[in-house]
Amino acid sequence: MDFFQKEAEEVIIELQSNEETGLSAVEADKRIKQYGKNVFTPKEKDSIFAKIIDSLKEPLILILLISGVISLAMGHLADGLGIFAAVLIATSISIIQEGKSDKAFEALSKLSEDVHVKVVRDQEIVLLSQSELTIGDIIHLETGDKVPADARIIHSSSLGIDESMLTGEAEAASKNSSKIDRVDCPLAERKNMLYSGTMVIEGRAIAIVTSIGDRTEMGKIADELKGELNAETPLQEKLADLGKRISIIGSIVAAAIFLFEVFRMYTQGILVLDNIGTALPGIKDAFVTSVALIVAAVPEGLPTMVAITLAFNMQKMAKNNALVRKLIACETIGSVNVICSDKTGTLTENKMTVVEVWSDGKEVPVDQLRNQEMLMNFCLNSTADISQQGENYEFLGNPTECSLLVCADKNNVNYLHYRKQYSEPVSEYNFTSARKMMSTAYETDQGFRLYTKGSPEKVLSICNRILYNGVIIPMTQEHIQEIEAKIKDLQDNARRVLAFAFTDFAEEPQWEDIYNVEKNLVYTGFVGIEDPLRSDVKEAINHCRQAGITVKILTGDNINTARAIATQLGIVKEDSLVLEVTDIDAMSDEELKSKLPKIVVIARSNPTAKMRVVKLLQEINASVVVTGDGINDAPALKAADVGVAMGIAGTEVSKEASDIVLLDDSFSTIVKAIKWGRGIYENFQRFIQFQLTVNVVAFLTVILAEVMGYAMPFTTLQLLWVNIIMDGPPALTLGLEPPREHLLKQQPIKRNASIVTKDMLLKIVANGMFIVAALLFVMNTQLLGGTEAQQSTIVFTSFVLFQLWNAFNSREFGVRSIFPNLLKNKMMVGVIILTFFIQVLVTQFGGEVFKTVPLDLTLWVKMIGFTFSIVIFSEALKLIMRLFQGNPQKA
């Protein structure tokens, strides 16, 4: 039998505790040793060794490792060590940056570790750290406290608990100590239980701790989240696909070249089956050529570049209030086309506000309410408090009651003045889900006055008089019809309506007889309350619409409120579907998948429904962002392509499950992050276009030189040097281009779209073939002059200079010329110049390692002019394309 099915006294006896004396210090220590501390068991972190092994499993890295081993086996020590150095750089940067991100997140998590709670120990109430609680402790809670563990209520007074993080219910849960007989009572209806992580927003309670740490309801969900989901992000999928394609092509061609060399030796009589030893030098050279081809084919700088770019942009996004926990999320968020957002606190301010007032028979401005009976009802029939910081109010207690106190303050009424004047109430009737009202009675000079507030229908039903134009008159059917019509208008616009009434007693009534006390009241008016939209949300939603991103609201609120908010945001269209969770529960997966594109709101959402929606969206190739702040959001946050948790209102479990934590809890920050993500994706494309051109040139030059009978144009170490230096400073500047303004006007990249577009492929092939042709021409004709000994150095250095010029071509997509923005990226210009001087040093002084010979100034000038031809060729190609397109500005 669960604790909620037992009387409070039974639970105290079963847990061997005492309401008045609590546990002794000795007994508490004993139980802490037995049950552990009141903390979640952290998920085991991967060791550095495990992270390194994980990094080495990347296809591109594996190819390089194999190439390095072959080089060492063939006696090419410098080549082998160079390859292993490249692998070391690629794997270490990613691990270091992930570690920095984890530390930043841990610092954020520690903000809520020092929560203290009032506990009865050794007959005294003491303040203890939340982690020191144990089973059987008697805890005292009041308004504003965080519930530190699961507990059974012993006594309560006007107790309201915010359980939204656990149940998704936006309204406060009214609690009491009564036993519940229902065996299968759902968690949201266990009115005598308190749950770890929830908040006391009104009233007081004494409770006994029944579960701590991992055994709490929050702990159970946190434990489920420790298992890793193996789904890859869109970028990871695309890079893996790119790496796989390059691996296959490179390996096949390298093997073909090796076999071609062996066959040629056989046809020339060099390879004789009876005397293979004579052919070993040739076979060894063929192996070296194959290794060089693999090195030429593999963009080994890609993992390094991805890690550096993501790490840099992670820091930039943090300055824009988006703390990135997982590096890959920097880019992934740019690919999303669906945002599944909760409502409260993300789209809205999570600050209830009085926006409409009907009083004394008419509508009045919120700050011009002169009805004293109504204002006193706001102040005295309440347990909430507020404090003002400048123009902002801090709520302490029930948000709805706090909004009434703010309304009073706007009318220059100090609620504390009234509370001091009237002292303690003589009777209180708490709000319950059955009554849907609350009343408070005070003694006055004329006798006693009762203030009542609650559901407009309930309050109206117990009134027979109305305050109308300053006079109390009998309530007529016309009054009722007028009031009901006004209330319906407010409810249709997602306003929460509260009605107010009072009555006076000359003699003290029998307060226990609630039904005779709460009758024949004077109706004073009603207010419309809303949780206002954040000021920047509408603009952010418009950006989403322009960017081709669908926003879906998954909220625990009722369907009318959710529909009204969605309508205000312009999300609801003529063919849109606004459903409750019960509607989608009744659908099969196939039926739900067919309707998901039109579903914009799911009200009364729960964790299971969120998870199901996310997975089905992914099955139809959607890339999904999920926002959330409660523990009930955590599974969906982890399953999404990008989980976005709230840094202010979010639970630690939701943050742990997320990829990005919003430091300002604002939806517009998500849109900014999407813009950064798209910019990162575009930068990756710039880098890939540039790097693949380098690799295509190296690849084709080696193959064609081999087929045409030329000597091997580059050594393995030269090819590795070209790839490393091109992956380094020049490529880095391509990866760090700031996001451009047009990014939120484009449609999102489809999940299954290739990262290499047709336009990129055209540029890679065209520019690559031009450079290959130019290099072969130099090899065949000695066009640039120089001695015989200098020719291989001229070819190698020309190859590098071609790529430096081509880096500028890679900055622009489509048919845009590079010249309008050529000098706007001053960092890139500086880096290209620096890289050029490094190449000069390698050429002039690196002969021992790179097999080069010094070149004179004339040759350098000729090479610079000759290699600049790639820019002229690229611009001419774009000019022709612009002419055919007929739109000079079209990209």
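Examine the range 809-826 for a residue that is in a helix (DSSP H, G or I) and crowded, with 18+ Cβ neighbours inside 10 Å, and state whether such a residue exists.
There is at least one residue in the range 809-826 that is in a helix (DSSP H, G or I) and crowded, with 18+ Cβ neighbours inside 10 Å.
Just to be sure I understand the filter: pairs with C-beta atoms under 6 Å, separated by 6 or more residues or on different chains, first member in the range 601-626 and closer than 27 Å to E331 by Cβ, second member surrounded by fewer than 19 Cβ atoms within 10 Å (Cβ to Cβ) and modelled with pLDDT under 90. Which pairs pass?
N621/N752
For residues that are touching a helix residue (DSSP H, G or I) at 6+ places or on another chain (Cβ under 9 Å) and closer than 18 Å to I620 by Cβ, tally how many sit in the range 549-589.
Summing the residues that are touching a helix residue (DSSP H, G or I) at 6+ places or on another chain (Cβ under 9 Å) and closer than 18 Å to I620 by Cβ in the range 549-589 gives 12.
Across the range 318-363, which residue is surrounded by the most Cβ atoms within 10 Å (Cβ to Cβ) among those that are touching a Pro at 6+ places or on another chain (Cβ under 6 Å) and more than 26 Å from Q747 (Cβ to Cβ)?
Once the filter is applied, the top-ranked residue is M352.
Residue check: is L859 of a type outside the set (V, I, T), within 22 Å of P729 (Cβ to Cβ) and assigned by TED's automatic domain parsing to the domain that holds P730?
no
Where residues in the range 570-595 are under 28 Å from V537 (Cβ atoms) and in contact with a Leu (Cβ under 7 Å, 6 or more places away or on another chain), which of them is modelled with the lowest pLDDT?
Ranking the qualifying residues of the range 570-595, first place goes to I584.
Take I703 and tell me if it is over 30 Å from the mean Cα position of the chain (by Cα) and modelled with pLDDT under 80.
Spelling it out, it is not the case that I703 is over 30 Å from the mean Cα position of the chain (by Cα) and modelled with pLDDT under 80.
Given the options G846, G865, name the one that is within 25 Å of W721 (Cβ to Cβ), surrounded by 14 or more Cβ atoms within 10 Å (Cβ to Cβ) and free of Cβ contacts under 8 Å to residues at least 40 places away in the same chain.
G846
Going by the conditions given, is Y442 closer than 20 Å to Y523 by Cα, crowded, with 21+ Cβ neighbours inside 10 Å and in contact with a strand residue (DSSP E or B) (Cβ under 7 Å, 6 or more places away or on another chain)? Let's see the steps before the verdict.
Working: closer than 20 Å to Y523 by Cα: yes; crowded, with 21+ Cβ neighbours inside 10 Å: no; in contact with a strand residue (DSSP E or B) (Cβ under 7 Å, 6 or more places away or on another chain): yes.
So Y442 does not fit the description; no.
State whether the residues of the range 166-177 include one that is among the charged types (D, E, K, R), farther than 22 Å from R435 by Cα, part of a loop (DSSP other than H, G, I, E, B) and touching a residue at least 12 places away in the same chain (Cβ under 8 Å).
There is no residue in the range 166-177 that is among the charged types (D, E, K, R), farther than 22 Å from R435 by Cα, part of a loop (DSSP other than H, G, I, E, B) and touching a residue at least 12 places away in the same chain (Cβ under 8 Å).
Going through the range 711-723 one residue at a time, which ones are within 16 Å of I257 (Cα to Cα) and modelled with pLDDT of 80 or more?
Matches in the range 711-723: P713, F714.
Check off (1) touching a helix residue (DSSP H, G or I) at 6+ places or on another chain (Cβ under 9 Å); (2) more than 21 Å from G735 (Cα to Cα); (3) not aromatic (F, W, Y) for E812 and give me the number that stays unchecked.
The one condition E812 does not meet is (2).
Step by step: first the residues of the range 1-36, then only those that are over 19 Å from L141 (Cα atoms) and hydroxyl-bearing (S, T, Y), then the one that is farthest from the chain's Cα centre (by Cα). Which residue is that?
S24
Identify, please: which residue in the range 313-372 is of a type in the set (S, T, N, Q), out of contact with any helix residue (DSSP H, G or I) (no Cβ under 6 Å at 6 or more places or on another chain) and part of a loop (DSSP other than H, G, I, E, B) and is, among those, nearest to K238 (Cα to Cα)?
N337
Using the structure shown, decide if E394 is among the charged types (D, E, K, R), crowded, with 23+ Cβ neighbours inside 10 Å and farther than 30 Å from I620 by Cβ.
Answer is no for this residue.
Scan L166, L187, L159 and give me the residue that is at pLDDT 85 or above and of a type outside the set (D, E, K, R). Explain how you work it out, then say what you get.
On the way: L166 fails: at pLDDT 85 or above; L187 fails: at pLDDT 85 or above.
One residue alone meets the criteria, L159.
Out of V702, V626, I need the residue that is surrounded by 24 or more Cβ atoms within 10 Å (Cβ to Cβ), in contact with a strand residue (DSSP E or B) (Cβ under 8 Å, 6 or more places away or on another chain), β-branched (V, I, T) and more than 24 Å from G735 (Cα to Cα). Which one?
When all the criteria are applied, what remains is V626.
The values are calculated or read from the model by the stated rules, or taken from the named source; none is laboratory data. Remember, predicted model here, so these are calculated numbers, not experimental data. A quick note on method: Cβ atoms are made from the backbone with ideal geometry, for glycine too, and the neighbour counts reach across all protein chains shown.
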